Amino acid sequence: RILLSSWSPPAALKAGGREGCNGNAAACTLVDDGDGFAYQGFAEYWVDSLAFYREAGIDPEWISIQNEPDFTPNGWEGCRFEPAETAELPGYGEALAAVAAALADEGDEVALLGPEPQGVHYDKVPNYMAELDAELLDGVAYHLYEQGGDGVWDWRTPGPDSYVSAMRGAAAAARGLPIFQTEFQTDEDEFVDGGFETAWLIQDALVDG
């Protein structure tokens, strides 16, 4: 069962003219062509992408229109979206509506997950959910990272139970939709340590999330 998520649309749709990002949110987002942000182009990119993957024999059950829309990478691909459009950045809710409309025009019934932010802390899931049409989603997705005291995003800081309140807030914001945890890693410890803490976090996710 396949979830297909996007790290970046093609360079022609990006404000900086490239898929990779250098930490500058204004360049790491959809281009504004003078008539507004390129939501329609982004939607067409998704329609074309699904056609391409299916032609190759890969038929996703779910798609998430943007991996970590709240995060601006420095050295790899990304595309920033605020929960709702601002003068500087496009809105995730607007992009989701454009993609859903384009898929409906194609008669495509692939399931949509979102908003898939980098973490559940700081009301990220409620903030995005408040600005989108939840009826367009088939599930709510998020990742499990938190910014530690050293500024590094890491699931272990300050510990599994620090996620409980944020997970409950995300669950309430999901409005009864299924919840998907779609990214997690422990590469800071080379996938060796933290087995007990991982089990602890899974317990919190299943009970409170």
Degrees between helix 92-105 axis and first principal axis of the chain (Cα, 0 to 90, nearest 10): 60 degrees
By accessible area with a 1.4 Å probe, ligands and nucleic acids excluded, highest first: order of R1, R54: R1, R54
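How much length, in nm to one decimal, is gained on full extension between D32 and A111, taken as 0.36 nm per residue of separation minus their Cα-Cα distance?
25.6 nm
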Choice from V47, V120, V99 showing the highest fluctuation, given a GNM over the chain with Cα pairs closer than 10 Å: V47
Lys, Arg +1 and Asp, Glu -1 on Cβ, resulting dipole of the chain about Cα centre, debye, nearest 20: 140 debye
Dipole of the chain, positive direction: furthest Cα of L112, G34, V140, with charges on the beta-carbon: V140
Accessible area of W7 in the full protein assembly, 1.4 Å probe (Å², nearest 10): 130 Å²
For the chain, accessible area per residue (1.4 Å probe, heavy atoms of protein chains only), Å²: 49 Å²
Calculated SAXS-style log₁₀ I(q)/I(0) at q = 0.18, 0.19, 0.22 Å⁻¹ - the stretch 1-143, Debye, Cα scatterers: -1.02, -1.14, -1.51
Of A15, A51, A101, the one that fluctuates the most in a GNM where the chain has Cα springs shorter than 10 Å: A51
Net charge, W46 excluded, C-beta distance under 13 Å - Lys, Arg +1, Asp, Glu -1: -4
GNM top mover of E55, E77, E131 - the chain, alpha-carbon springs below 10 Å: E55
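At a 1.4 Å probe, what is the % contribution of carbon and sulfur to the accessible area of the chain?
49 percent
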Relative contact order of the stretch 1-157, pairs being alpha-carbon contacts under 8 Å that are 6 or more residues apart, as %: 22 percent
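The values are calculated or read from the model by the stated rules, or taken from the named source; none is laboratory data. Computed from a prediction, not measured in an experiment: that's the story for all the values here. Cβ atoms come from the backbone with ideal geometry, glycine included; neighbour counts cover every protein chain shown. Surface accessibility is based on the protein's heavy atoms, side chains included, excluding ligands, DNA and RNA. Shrake-Rupley method; radii C 1.70, N 1.55, O 1.52, S 1.80 Å.
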